Each structure stands twice: as structure tokens, then as C-alpha cells.
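Accompanying notes for the structure given below.
No lab work stands behind these numbers, since they all come straight from the coordinates. The structure displayed is predicted, hence computed values, not measured ones. FYI the Cβ positions are ideal-geometry reconstructions off the backbone, even for glycines, and counts take in every protein chain you see.
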């Protein structure tokens, strides 16, 4: 008695492939039906039985994988968490490190009308404003134009760019700063006044 047919379902408009065991033990008959042909008009040719069996097994494995339930995440046990800050950084961020790095999280509080002196970083610094208004000035800007950042905003400092950050308000300024510095180097470097700002 011939084995039941193995049928592959293809996209609409593609040839349908039908395979069934012939009467002998060595061959299977594979029929390729074009969209305009009926099942009886399909051209058939013998192929080695092992190849057709392999195709049938592959179809079964694929179907089984599709029917498997999606993997479920494992639950956290005994874990609590707190988001320190989440901010929007305009533009693209490029963080390139070469070799081992030190990762440091620092919380800075700048008193009203206080300032962080001119400085640079040996690595990248990711700054987020938690509270207050930060005003940043860049040494490379000869016109000394201020950049203002409020809560929910942040910026990225690239290595060796000299800058200063001021609190020009009557309220405290709180910053979360993540420093990514090559191991063994200082995260911050004091810099002389570049002379482009009059304060």
C-alpha cells in the first residue's frame, strides 16, 4: 500500500510540490504542478528515496519549530531596582574604547551660582540633569555661547574637549555623571581658562 502523500504549501502563484511513494522500494515520485496545471497534468520524475525522505523530515522539523511555544523569560528573585535618571540625548552617540576601561558613576551637586571649573576628560562622560538647569560653555566656541540643559536632558562629553558647567540659577543643580575612562588614567583633568568667556 503506498504511503500517504507529503505536500508542501508554497506562496500563492508558486509551483505546488507533491511527493508520494511509488510501488517500488527505491524511488519516490515527485510531481511539480505549475499554477496552470491540474494535479493530473503535473510532470513527474523519479528521485532517490533518501533525498525525498530528507526533504520530508526537514518539513516536519520546520513545522514543529513553528508550533513550539515562545520561550518565557525567567523571573527575578530577590531583586529590587531604582532608576537614578533617564534623559534624552540629542544626536548620535559614539563611544569608542581601546582596551580596559574604568566605569564610574558620580552624583554632582552644584550650589546656586556655583560652577565646575574648566576641565576635560580622558574618556567619555555621560551627563544627565536630575534637578536644576545646567549651563555648559565650550572652550572651542570663541563666541562663548551657553548651552542649557534641564531635567530629563543630557549630553555626552568626548575625550579632551575643554568645557565648564555653571549653575546660573537660585536652585541647586544635580547631575548624574557616568565616566568611561581608560584604566589607570584620571577621569577629569583641570584645564586653564581659555579666555573666550568673560566670567
Theoretical gain in end-to-end length, residue 98 to residue 83 [0.36 nm per residue, Cα-Cα removed]
2.5 nm
Per 10 angstrom bin, beginning at 0 and ending with the bin that holds the maximum distance, the Cα pairs of segment 101-190 fall in percents of 18, 51, 28, 3
Based only on other Cβ atoms within 10 Å, what is the fewest-to-most ordering of 147, 191?
147, 191
Sorted from fewest to most neighbouring beta carbons within 10 Å, what does the list 163, 94 look like?
94, 163
Checked segment 153-199 with the C-alpha gyration tensor, a ≥ b ≥ c its square-rooted eigenvalues, rounded below a/c of 1.5, otherwise prolate if a/b is larger than b/c and oblate if not; verdict oblate
Most exposed first by the Cβ proxy, i.e. fewest other Cβ within 10 Å, how do 177, 158 rank?
158, 177
